[in-house]
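To start, the structure itself, in structure tokens.
The values are calculated or read from the model by the stated rules, or taken from the named source; none is laboratory data. For clarity, every value in this text was computed on a predicted model and none was experimentally measured. For neighbour counting, all protein chains shown are included, and Cβ atoms are generated from backbone atoms with ideal geometry for every residue, glycine included. Heavy atoms of the whole protein, side chains included, go into the accessibility calculation; ligands, DNA and RNA do not. Shrake-Rupley method; radii C 1.70, N 1.55, O 1.52, S 1.80 Å.
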Amino acid sequence: MPQRRYHNKSRHGCLQCKNNRTKCDEDRPQCGRCRRIGSACSLATQPANLVFVAPRNEMPSNQARDDSSRINHQSSSISDGYSSQFPTDLISVAASTPGTEHSDMECDFTDTEKERLRLMNHYALHTSRSITDVIIPRDQIQSLWGEWVTELAFKHNFLLHGLLGLSALHLALEGVSPQRHTVMAIQHHDLGVAMFRPHLSNITPENHDAVFAFSCVVVLYTFGIQRPSEPTEDPIDRLHQVFSLIRGSSFLVKADHETMVRSRWSALMLPHPFPPTVLSAELEDVLSKLLSRATMAPEAARMGIYEPTIQTLRHSLAMAIMYRRIKMTFSYFAVICPSEFWSMVRIGEPLALAILANYAVTLDWLRRNIWMAYWGREIVVAVRKALPLDWHECIAWAVQETERPSELDGLGRYSASTSDPLQENDQITTSLAL
């Protein structure tokens with residue numbers, strides 16, 4: 001009796017060979033037999049990782065039809081129109097590739113990954129809006145921080161850590177596990193700063209936008225992390241720290257005006273030179289009193305500190321009134337003032353404190369924003385306590401404005417003699433217009 005010849009069974013062959021009980025060489029896209037006889041081969045349209053087997057005989061016919069319909073529907077998303085090319089009594093089953101099995105532990109996200117995803121989601125939904133809420137919401141600005149900056153962050157890790165830190169701090173300021181989120185904010189912000197430093201000496205067209213975005217994040221983060229939390233803390237000293245960081249972060253705008261004008265950041269830029277303005281009689285009186293006091297300080301006058309500072313105060317007040325929350329103007333004063341002025345603030349020189357109190361009104365006008373809340377009023381209160389009584393006339397307007405009920409807004413009380421200051425062609429960069 002001749003010995004029976006054995007061969008390996010073809011488990012992944014084409015349907016044509018299976019129907020003819022012929023061994024299939026499984027060559028793709030057309031097996032050898034189908035190519036030889038000129039027949040259509042099912043391997044030409046069958047995904048490589050799918051196996052087609054006949055249903056078991058013992059399976060009830062109704063269940064077979066249900067399973068066939070369900071699985072063929074799933075496979076159709078892999079290969080459009082595929083399921084309709086084969087008999088309905090065949091079931092599509094994904095073939096398991098060796099080495100692809102993973103345990104649940106390997107597939108799970110780590111707690112750190114989950115936390116970062118949650119912070120990024122909060123940034124996209126809420127924190128980015130808190131940035132644009134400083135101004136009147138506009139589609140251009142919302143897409144700037146909500147979409148474009150997010151895309152930049154996925155290309156630059158220092159910015160990504162900056163956004164995660166800002167998101168965590170935003171949650172803390174909203175009262176969501178404040179201690180835990182404050183710690184997370186500090187950790188992400190410190191990581192971002194460490195990664196950011198090397199870019200300062202190597203600004204390129206590729207990282208320019210991300211560097212500026214991170215500078216803006218630093219400003220908001222600094223205002224938020226330094227928010228007065230205890231009545232005994234000195235808000236003037238904290239504001240000095242905030243403005244020192246703002247001045248340092250404005251280097252990019254000062255260094256390359258033309259690039260900023262041509263970039264997408266032009267929507268945030270302020271006009272330069274600032275157009276002549278006429279403020280209300282009340283404000284003109286405040287500025288006049290400050291200038292008068294400056295003439296009584298000959299040493300400071302010779303140093304050229306107070307006259308340019310008071311002029312900067314004029315522009316800062318005018319911008320806040322003119323743009324009525326259409327642009328972020330609150331850092332203009334910090335950037336443009338002479339550095340010596342902040343030294344005078346730190347030692348508590350009365351005129352410097354009086355100027356600071358009047359500037360603080362522009363911060364108080366933004367009190368509804370989560371990043372700016374409390375700052376203006378706390379500074380005015382601190383200056384009022386520090387100044388001798390004979391200086392109180394210089395801050396009377398500031399005291400009046402910051403004691404105004406929250407529902408009232410002093411921004412609408414004044415006007416500026418300029419023509420259409422909102423035209424985009426006037427947006428020439430002069431400072432970190434955050």
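For segment 334-339, the Karplus equation 6.51 cos²θ - 1.76 cosθ + 1.60, evaluated at θ = phi - 60°, returns couplings of 5, 6, 8, 4, x, 4 Hz by residue, with Gly and Pro reported as x. The protection proxy used here, the mean number of other Cβ atoms lying within 10 Å of each residue, ranks peptides 198-208, 148-158, 27-37, 213-223 as follows, highest first: 213-223, 148-158, 27-37, 198-208. Solvent-accessible area per residue in segment 281-403 equals 39 Å², computed with a 1.4 angstrom probe and all protein chains kept. Heavy-atom accessible surface of ILE186, to the nearest 10 Å², is about 70 Å², with a 1.4 Å probe and all protein chains retained.
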